[in-house]
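Here is the structure we will look at, set down as structure tokens.
The values are calculated or read from the model by the stated rules, or taken from the named source; none is laboratory data. It should be emphasised that the depicted structure is a prediction, and the values quoted were computed from it without experimental measurement. Positions of Cβ are generated from backbone atoms using ideal geometry, with glycine treated the same way; all protein chains shown enter the neighbour counts. Accessible surface areas use protein heavy atoms only, side chains included; no ligands, DNA or RNA. Shrake-Rupley method; radii C 1.70, N 1.55, O 1.52, S 1.80 Å.
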Amino acid sequence: MTGEPIHRGSISIESGRIVSVDERAGAAARDLGGVAIMPALVNAHTHLELSYLRGKVPPTKKFLDWIRTIMATRRQYPDAADARIIDAALGAIAGARASGTGLIGDISNTLVTAPLLREASIPAQLFYELLSFNTTDPEAMTREARARADAAVSRDVRVSLAPHAPYSVSPGLFAALRADLDEHPGHVTSVHLGESPEELEFIKRGTGPWRTLLEELGVWTDEWQPPGTSPVEYLEQLGFLDRRVLAVHGVQFDGDDLRRLHSREMTVVSCPRSNQHVGVGAPPLEAFYAMDVNVAFGTDSLASAPDLNLFSELAEARRLAPRVAARALLESATRQGAAALGFEDLGTIEKGKRAQLIAVRVPAGVDDVEEYLVSGITPGDVSWVS
């Protein structure tokens, strides 16, 4: 992912690290056959704790209809430690790994997935997500969340705090979470941003379905005044945005939004299959790349995607962005995702990097291997290089 593909080369691995990459295979090399060896994929945005909702939330044309179904269904499972939730999350992790994913960016409201990821030995950046549009003490809320997050950290499962979205987090909570991020310079965070037309209406005018839902939930406050801007400009005005903030979705981003993100070296995490399931439309992927914005990919949760196979996400990205080079899409699904999540020792095949490598079977007669890799690879064609 840092140069031209190497044909019939070899990789030497010792103690889980890459010690050399050679242009040719020596006599002692183990021949893996007709495969493409590549870094494991990076699923930069999913919600493993929602895996039990698979098949329970149908596609919709209105985002708020999907949100309301999610809320109603989650109320039926009030215990985060419910065996059905745990088993579904474990199955989702196994499915992700079987399809070639070696690093996960997971959103959690409960931290229930932290030990599951640790036990599965899959590196992860866990985002402990907070929601509160009308909290009276955002600093205390953030301090308490920080204590819980720190208790969930393990060697390869990092935990940081994250706001949910501009329509569900108060300005005070954004400020407190930004302060926490500044106190932890090695951390990254995430925010759902520019996902739906309803979000744009709410931030612009303070009206629409999000205002209605906040009032129904009893959390609306007249102290909040609509900034009259795009969601990106709103968070910029709050001082929240920089290169350590992952902007997830971006379906509604325009050129001005993308210029603002590019100037801060931010990464957009795109989840095209989920976007269409929840009724917000297709992301402007070609614009992301044309504006030279860093792009990573995620599947989102099994409540809005049929599986956690990132190769399937790449196939959908290829359909939506036929003018984007296959190599650029592959780089987004590996190097860019790993860098965005703060795992600089993953995502490329280079000396000194961790040997999180997969081998993808390539049929005879395939001339453009990179294009083949974004055509839709099934788990049966993926194996791990040990």
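The residue list V35, V57, V19 contains one member that is closer than 21 Å to D381 by Cβ, touching a residue at least 12 places away in the same chain (Cβ under 8 Å) and among the hydrophobic types (A, V, I, L, M, F, W, C), which is V35. For segment 63-85, filtered to residues that are closer than 17 Å to V278 by Cα and open to solvent by less than 40 Å² (accessible area, probe 1.4 Å), the residue that is farthest from the chain's Cα centre (by Cα) is T73. Can you find even one residue in segment 308-320 that is in a loop (DSSP other than H, G, I, E, B) and touching a residue at least 60 places away in the same chain (Cβ under 8 Å)? Within segment 308-320 (the criterion being in a loop (DSSP other than H, G, I, E, B) and touching a residue at least 60 places away in the same chain (Cβ under 8 Å)), the answer is yes, since at least one residue qualifies. Answer yes if at least one residue in segment 374-382 is modelled with pLDDT of 95 or more, open to solvent by 40 Å² or more (accessible area, probe 1.4 Å), in a helix (DSSP H, G or I) and of a type outside the set (S, T, Y), and no otherwise. There is at least one residue in segment 374-382 that is modelled with pLDDT of 95 or more, open to solvent by 40 Å² or more (accessible area, probe 1.4 Å), in a helix (DSSP H, G or I) and of a type outside the set (S, T, Y). As for segment 304-327, it holds no residue that is open to solvent by less than 10 Å² (accessible area, probe 1.4 Å), more than 17 Å from the chain's Cα centre (by Cα), farther than 19 Å from L50 by Cα and not small (G, A, S).
Yes or no, residue by residue, for (1) touching a helix residue (DSSP H, G or I) at 6+ places or on another chain (Cβ under 7 Å); (2) among the β-branched types (V, I, T); (3) farther than 15 Å from L181 by Cα; (4) in a helix (DSSP H, G or I):
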{"position": "D106", "(1), (2), (3), (4)": "yes, no, yes, no"}
{"position": "V112", "(1), (2), (3), (4)": "yes, yes, yes, no"}
{"position": "L126", "(1), (2), (3), (4)": "yes, no, no, no"}
{"position": "E129", "(1), (2), (3), (4)": "no, no, no, no"}
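Only one of Q225, Q252, Q276, Q237 is under 11 Å from L193 (Cβ atoms) and either modelled with pLDDT under 95 or open to solvent by 40 Å² or more (accessible area, probe 1.4 Å) (or both); which?
Q252
The helices (runs of 4 or more DSSP H) found entirely in segment 177-278 that carry 2 or more residues being more than 18 Å from the chain's Cα centre (by Cα) are 197-205, 209-216, 231-237, 255-263.
Looking at (1) out of contact with any helix residue (DSSP H, G or I) (no Cβ under 7 Å at 6 or more places or on another chain); (2) part of a strand (DSSP E or B); (3) of a type outside the set (D, E), which is the only condition R118 fails? Looking at each condition in turn, R118 falls short on (2). Scanning segment 321-332 for residues that are in a helix (DSSP H, G or I) and over 14 Å from M38 (Cβ atoms) yields one hit, A328. Here are R178, R264, R244: which of them is open to solvent by 50 Å² or more (accessible area, probe 1.4 Å) and among the basic types (K, R)? So the residue among R178, R264, R244 that is open to solvent by 50 Å² or more (accessible area, probe 1.4 Å) and among the basic types (K, R) is R264. Suppose the filter is in contact with a Phe, Trp or Tyr (Cβ under 6 Å, 6 or more places away or on another chain), open to solvent by 60 Å² or more (accessible area, probe 1.4 Å) and basic (K, R); does R17 pass it? For R17, the condition - in contact with a Phe, Trp or Tyr (Cβ under 6 Å, 6 or more places away or on another chain), open to solvent by 60 Å² or more (accessible area, probe 1.4 Å) and basic (K, R) - is not met. Taken as a whole, the structure leaves S132 outside the set of residues that are closer than 21 Å to Q356 by Cβ and more than 16 Å from the chain's Cα centre (by Cα). Residues in segment 338-356 that are outside any loop (DSSP other than H, G, I, E, B) and either over 26 Å from F127 (Cβ atoms) or touching a Ser or Thr at 6+ places or on another chain (Cβ under 6 Å) (or both): A340 alone.
Which residue, of D300, D257, D292, is among the acidic types (D, E) and under 19 Å from S312 (Cβ atoms)? Give the steps one after another, and end with the answer.
Numbers: D257 fails: under 19 Å from S312 (Cβ atoms); D292 fails: under 19 Å from S312 (Cβ atoms).
Testing whether each residue is among the acidic types (D, E) and under 19 Å from S312 (Cβ atoms) leaves just D300.
Considering only residues in segment 114-160 that are among the β-branched types (V, I, T) and either more than 27 Å from T101 (Cα to Cα) or in contact with a Cys (Cβ under 9 Å, 6 or more places away or on another chain) (or both), the one that is modelled with the highest pLDDT turns out to be T142. Considering only segment 286-307, state which residues are among the charged types (D, E, K, R) and either closer than 17 Å to G91 by Cα or part of a helix (DSSP H, G or I) (or both). Those that are among the charged types (D, E, K, R) and either closer than 17 Å to G91 by Cα or part of a helix (DSSP H, G or I) (or both): E286, D300, D307. Here R335 fulfils each of the conditions (1) open to solvent by less than 40 Å² (accessible area, probe 1.4 Å); (2) assigned to a helix (DSSP H, G or I) apart from (1). From the list A92, A36, A88, the lone residue that is assigned to a strand (DSSP E or B), at pLDDT 95 or above and surrounded by 15 or more Cβ atoms within 10 Å (Cβ to Cβ) is A36.
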